[in-house]
Amino acid sequence: METKRIVEALLFAADRPMTVKQLQNVFPELERPDSGEIQAAIEAIIEDYRQRPVGLCLVASGYRFQVREEMAPWVSRLFAEKPPKYSRALLETIAIIAYRQPVTRGDIEDIRGVSVSSNMLRTLLEREWIKVVAHKETPGRPALYGTTRQFLDYFNLASLSELPTLQEIQEIQEFEPASINTIQSDQEQSENQAEEEQADAPVAASIE
Amino acid sequence: METKRIVEALLFAADRPMTVKQLQNVFPELERPDSGEIQAAIEAIIEDYRQRPVGLCLVASGYRFQVREEMAPWVSRLFAEKPPKYSRALLETIAIIAYRQPVTRGDIEDIRGVSVSSNMLRTLLEREWIKVVAHKETPGRPALYGTTRQFLDYFNLASLSELPTLQEIQEIQEFEPASINTIQSDQEQSENQAEEEQADAPVAASIE
Amino acid sequence: MNEVTVEAATETPPLAIVCGQPYQDLPKDLYIPPDALQVFLEAFQGPLDLLLYLIKKQNLDILNIPIAQITRQYIAYIDMMQGLRLELAAEYLVMAALLAEIKSRMLLPRQPEVGEDEEDPRACLIRRLQEYEQMQRAAEEIDRLPRQERDVFTVAADVAMIEIEKRQPDLHLAEIMLAFQDVLRRVEQLSHHHITREPLSVRERMSTILETLKNADNLVFSALFTVSEGRHGVVVSFLAILELCREGLVEIIQSEPFAELRIRNRTAAG
């Protein structure tokens, strides 16, 4: 019984499909259920969710909870909204990777002076703008990140050498203070967005 | 009935908490349920999941499905990365901002007695736990910081009022004029203790 | 983030030897955990913090602080902090000065006309202490709250089966450049970081070479050059290999004199 509850929690929380074996391995060795018990738990969970709009499915690399296909129109509407804006931190991170590649997360943190969240790197990896090009032979073998073909394509560049040089960037800074205003107005814009969100707040309050 | 199924699917598909209003907006205008209907659906879903290892919870930015707390030890075994630990300095800073907001950096420094590093504020801003809510109309127009809904979400709180209550501050009694005597006797006392302290002194010295 | 610990860790690696002076027995009353100065420093993050510790250690009633005694101990700690060259020491000095001032004012006879509305300096200090202690408690409570990544895990069902085009944020190249410019400006302010101005194509080539090596144990030196790229391309590749070598990411090997050079990924070499 407890095994089933644990398996259900694991399948919901995992960010990837899980095989019976992988589920088994989550348990400490001494209390590890055999594969039959895990399989039985899975069957029972599938049965429990039969009537619900989400269900447990077997895909190539294991079991995962999925939203049922007939809910597709609604889910699409959910994702059709305006995309969020990238944070300043994320922009700096992609800039550092572009100009200083190959770099480790630690290198980026050194340059930026603050810690870099895993989420930020995940976002960039998911967008396929960066990739792991190798691992550095230092303790922990940290991943070395570089930019991808897709990154260049997105910005319509044939190669990284078409990125403005550091020299040119410095010059922009000196001769075109206007461009800095552009960014500032961007920032204000996102602050306005924050205010829009504020407008939602009373709603959240009324939920209580 | 169908509303409930759709709401359940949306809450599972969304990668962020959803407010009643946001859930409503997913429906096309003509078939949009009123907030009461959404709220009823939410209550029914909460009830349906009461016995399950995952459940629907309300946090500051809306409703989200999460694993029940008692399952956390199992789920954390899924992830190789250890959860981040936060330094005392960071926790004290966020506590001061949370309880005393809006505060300036100077206010935080006054309470903690040490300077607050810019990196720490940047880290908190990047994590989106704090934001600049306004600028104080004093020389230098220092930024006034406040906490965000993401901060509350992270700590599983629906509103600031759910923060732990502060321990009460003891009433300060008026000092009697006689306190000067007390001080003097303090001094004598400390004179005596000075010898005891001598014993400690070499330690402090040897640390140098 | 954690200034104190970091400082302490870099300044005093071994606990038992400080500035060449080994010492084994920690004073019983100085700190409880046997495992380090860092912990001790953690507990002394700020002067008010230190004061609180002293007050607690001596089982003092916070409402009746014997200033002279504390001041003396305090100064001993400041000396120690300065010995460790902690930046914090300056902050501590301010606090010591405040304490000394309070002390001297207490020793002076009170002027009756001022006495009415002027606040007792001890009351002011005590209020600050209490306020800080309150916030320290609050910080501990917040640390205990169930939180994401540790106790709270959000749940999601996969939607990959459903055909959805998830819209991604738009970005202009100028935004990246301006972000980088900001980074550069900050780095310049901090000044101890060096961003060298290398031709970009070298760094790009570095990534390319690493990737090529990922699929092969080692490669012949010449395989990393493309003749059609001309002299410029060759130079770029050569610089990239040197740079990779310098950063310890690849090694150049030669099995015997005059044999062709080979490049090996240090990763693959293990």
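Overview of values
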quantity: Exam field: A:Arg77 pseudo-label spacings to other copies (7 Å along Cα-Cβ), nanometres; calculated: 4.2
quantity: Under-5 Å amide H pairs with B:Tyr63, H placed in peptide plane, nonlocal only; calculated: B:Met18, B:Thr19
quantity: Debye log10 I(q)/I(0) for the stretch A:2-69, one point scatterer per Cα, at q = 0.29 Å⁻¹; calculated: -1.50
quantity: Nm distances between copies for B:Gly106, ranked from closest, using label points 7 Å along Cα→Cβ; calculated: 4.0
quantity: Part-to-part distance (alpha-carbon centres) for the stretch A:39-86 and the stretch B:55-98, which is given in Å; calculated: 24
quantity: Cut-off 14 Å between beta-carbons: net charge of the residues surrounding A:Gln150, Lys and Arg +1, Asp and Glu -1; calculated: 0
quantity: Only Lys, Arg (+1) and Asp, Glu (-1) charged, at Cβ; the stretch A:88-183 dipole about Cα centre in debye; calculated: 540
quantity: Rounded to whole Hz, the Karplus (6.51, -1.76, 1.60) HN-Hα couplings of the stretch B:92-108, x for glycine and proline; calculated: 5, 5, 5, 5, 5, 5, 5, 8, 10, 4, x, 10, 8, 4, x, 4, 5
quantity: Calculated diffusion of the stretch B:88-183, Stokes-Einstein form, Kirkwood radius summed over Cα pairs, 37 °C and 0.692 mPa s, µm²/s; calculated: 215
quantity: Label point 7 Å beyond Cα along the C-beta direction, distances from A:Pro142 to other copies (nm, shortest first); calculated: 3.3
quantity: Surrounding net charge for C:Glu149, when Lys and Arg each add one and Asp and Glu each subtract one, Cβ distance under 11 Å; calculated: +2
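FYI, it's all coordinate maths here, none of it is from the lab. From a predicted model like this one, the values you see are computed outputs, not experimental measurements. Neighbour counts run over all protein chains shown; Cβ positions are idealised from the backbone, glycine included.
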